[in-house]
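Q: This is the structure I want to talk about, given as structure tokens.
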Amino acid sequence: MSTPDEDRKRIVVGVDGSRLSIEALWKAQRLAAVLGCPLQVVTVWEQAVSLTAPVPTDVWSPQVEAEHIMAEVLEEAFGSAIPPDLTQTPLVGRAVELLIEASRGAEMLVVGNRGRGGFAGLLLGSVSSVLAAHARCPVLIVHRGESEEPS
């Protein structure tokens, strides 16, 4: 038998450090509060295609980079007032695949319609389109200026 907390569906939001992903996080946080859902923030470090793969060192690794981006996003979005039921999920891999997997069992997946792009990009422009078609829950795609910073 499951507990009431286990029955609560979460709202998943994909962030990459771009301004639009922070707006998506604000929108997701407001929706989570209204619906009484916990918030799961997912950051995916997606390595660019190159002839040589980056080699993790004591100073840098994809996982550390994902955690660093997550910390920056949460600081920008909430300062020290991070919602208590927020979970942080920094991942390394293909953004589309990992966000689709994160959407399983979620109430909703929230993403910006454009991310950083390029080597540093985690939510590429086409990612939101693929997620809209293949996520395992409803998808909300936030466009620039759609959300405002919470007061």
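Every number here is computed from the coordinates shown, using simple stated rules; none is lab data. None of the values given here were measured: they were computed from a predicted structure. All Cβ positions, even for glycine, are placed from backbone atoms using ideal geometry, and neighbour counts span all protein chains on display.
Q: Take the Cβ-Cβ distance between Glu72 and Val130 as r, set R0 to 22 Å, and report the resulting FRET efficiency rounded to the nearest 0.05.
A: Efficiency for this residue pair is about 0.30.
Q: Another question, then. Where does each of 127-133, 32-38, 12-18 land if you order them by average Cβ count within 10 Å, highest first?
A: Highest to lowest by the protection proxy: 12-18, 127-133, 32-38.
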